[in-house]
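The values are calculated or read from the model by the stated rules, or taken from the named source; none is laboratory data. In this text, all values refer to a predicted model and were calculated from it rather than measured experimentally. Using ideal geometry, Cβ is built from the backbone for each residue, glycine included, and neighbour counts are taken over all protein chains shown. Calculation scope for accessible area: heavy atoms of the full protein, side chains included, ligands and nucleic acids excluded. Shrake-Rupley method; radii C 1.70, N 1.55, O 1.52, S 1.80 Å.
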Amino acid sequence: MNRNLYMIYGQDPKAMTMALMEAANIKDEIPKNAKIGLKPNLVVAKEPDSGATTHTGILEGCIEYLHANGYKNITIMEGSWVGDNTRRAFKVTGYDRVAEKYGVGLIDLKGDKTRSVDTKIGKMNICVTPLETDYLISLPVLKGHCQTVMTCALKNNKGCLPDSEKRRFHSLGLDEPIAALGAAFRPNLTIVDSICGDLDFEEGGTPIQTNRMFLGHDQVQIDAFGCSLMGIDKYDVAYIGLAEKYGAGSSTFSEDDIVYLNRPTAATSIPRPTGIVSRLTKNVEQREACSACFGNLVHALYRMEHEYHNTFRDHISIGQGFNGEIIEGIGIGRCCKSADCCVMGCPPSAESIINALMKYGYDK
Ligand code: SF4
């Protein structure tokens, strides 16, 4: 299995998706005349800017790449969470218009037939359409989750279950069944929407702009990598370790595995922080910061406060506007390399920011 993780920054999800698929040469791994499934995350009927759902441009990018390479048998498939209506979600996000524009299938898995599949924790009912797909592309959103800490690739598979099985997952405590499902049911490819995933809730509401996407093949590795971007210790996400134990994949990755297609550029518009983000960043001075850098800092400050009960009160500098300036105190990213204490990287992950801020706090 190709263990490279392809990373791209930008603000055009369609072009970014096509570039990722080109770079990873995906066409060479899809059988001719394959029945291809696209499985986005439409957990609720909310627009992608809410931080909850997969951007429509990612579907368009996949479809245009596949069409250009001769693949015609494509179906978008999803089942929203219990209590929401997938058809309504298709409408709100514009997926119905995408399906019509490109002439691809659009299936609400809530109405799909199911088949019983053996897993490490017993039988599970899984929808037949994704099971009978020759090549399945999972399109999750990297975001926080109030019960499992984070959600990305492994948990996106839950949308391929009937509502009765989704309910049973909750009664089983989520982590075990998510891990067991990940070992029994593996999409061939995962392209992660990390444009503006929510800080804490899978249903959105506090989106953090990071303007990036990444592609990989091993769902466990992808989730572990996603944790590092969000400043979460992968061992705090129980289903990642369990999935590894059940043989779903490996959570290991190193910097050598990451193929950067580009680097972030200064954001023309980091949205003016409001609510919790405004409180977290009240001591942050940003000048032309890239959204990926600023977003990682927000994730880091949030994790420190919630998991380590450590509110960082010192002044923090971040952004390309600090290039070449002598900075007192802490600076984030290589643009602030002249800071007394610089968290190097372009952008540094939330995990490395947390480590540096904690150390800075102790050393002072
Ligand atoms: S270090 Fe500078 S250039 Fe790199 S992501 Fe941060 S702000 Fe952007």
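Once the piece of chain linking Ser164 and Lys113 is laid out straight, how much longer is it, given 0.36 nm per residue of separation minus the C-alpha distance between them? Present the calculation step by step, with values, prior to reporting the outcome.
Numbers: separation 51, 0.36 × 51 = 18.36 nm, distance 1.25 nm.
Here the segment from Ser164 to Lys113 would lengthen by 17.1 nm.
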- Item | Where labels lie 7 Å past Cα in the beta-carbon direction, separation of Trp81 and His309 in nm | 2.8
- Among Gly79, Gly319, Gly122, determine the one that fluctuates most according to a GNM of the chain built with springs between C-alpha atoms less than 10 Å apart. Gly122
- State whether the chain is rounded, prolate or oblate according to the following rule on the C-alpha gyration tensor (a ≥ b ≥ c being the square roots of its eigenvalues): a/c under 1.5 gives rounded; otherwise a/b larger than b/c gives prolate, and the remaining case gives oblate. prolate
- Message: 5 Å is the cut-off here: which amide hydrogens, built 1.01 Å from N in the peptide plane, fall below it relative to Gly331, excluding neighbours closer than 5 in sequence?
- Response: Ser317, Cys341, Cys342, Val343
- Query: Ignoring ligands, DNA and RNA, what percent of the accessible area of the stretch 5-260 is carbon or sulfur (1.4 Å)?
  - Reply: 47
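Where Lys and Arg each count +1 and Asp and Glu each count -1, what net charge lies around Ile327 among other residues with Cβ under 14 Å from its Cβ? Don't jump to the answer; show the numbers that get you there.
Details: positive: Arg287, Arg334, Lys337; negative: Glu285, Asp314, Glu325, Glu328, Asp340.
Once all neighbours under 14 Å are counted, the net charge is -2.
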- Query: Counting Lys and Arg as +1 and Asp and Glu as -1, what is the net charge of the other residues whose Cβ lies under 13 Å from the Cβ of Leu5?
  - Reply: -3
- Would you calculate a helix-derived [θ] at 222 nm for the chain, using -39,500 (n - 2.57) for each DSSP H run of n ≥ 4 and dividing by the full residue count, to the nearest 500? -10000 deg cm²/dmol
- Whether the stretch 132-220 is rounded, prolate or oblate, judged on the alpha carbon gyration tensor where a/c under 1.5 counts as rounded: oblate
- Hey, can you find the accessible area per residue of the chain for me, probe 1.4 Å, expressed in square angstrom? 40
- Item | Local electrostatic count, Ala19, Cβ distance below 13 Å [Lys/Arg +1, Asp/Glu -1] | -1
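Over the chain, calculate the relative contact order: mean separation of alpha carbon pairs under 8 Å at least 6 apart, over the residue count, as a percent. Walk me through the numbers before you get to the answer.
On the way: 834 pairs, mean separation 60.3, N = 364.
Computed value for the chain: 17 percent relative contact order.
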- Which pairs break 20 Å Cα to Cα here: Lys123/Lys234; Lys14/Lys101; Lys39/Lys91; Lys120/Lys158? Lys123/Lys234
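Ordered by packing density, taken as the mean number of other Cβ atoms within 10 Å over each peptide's residues, highest first, how do 294-307, 232-245, 337-350 rank? Numbers along the way, then the final one.
Working: 294-307: 23.6, 232-245: 20.4, 337-350: 18.9.
Going by the mean number of other Cβ atoms within 10 Å, highest first, we get 294-307, 232-245, 337-350.
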- List the relative contact order of the stretch 90-249 as a percent without decimals, with contacts defined as Cα pairs under 8 Å and 6+ residues apart. 23
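Below 8 Å between Cα atoms, with a sequence gap of 6+, how large is the relative contact order for the stretch 275-363 in percent?
Values: 155 pairs, mean separation 22.7, N = 89.
Over the stretch 275-363, the number comes to 25 percent.
Treating the beta-carbon of each Lys and Arg as +1 and of each Asp and Glu as -1, no other charges, what is the dipole magnitude of the chain about its Cα centre, to the nearest 20 debye? Each step should come with its number before you reach the end.
Numbers: 39 positive and 44 negative charges, 141 e Å.
Using Cβ point charges on Lys, Arg, Asp and Glu, the chain gives about 680 debye.
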- Item | ³J(HN,Hα) computed for each position of the stretch 301-315 - Karplus, 6.51 cos²θ - 1.76 cosθ + 1.60, integer Hz, glycine/proline x | 5, 5, 5, 4, 5, 7, 9, 10, 6, 10, 8, 7, 10, 6, 5
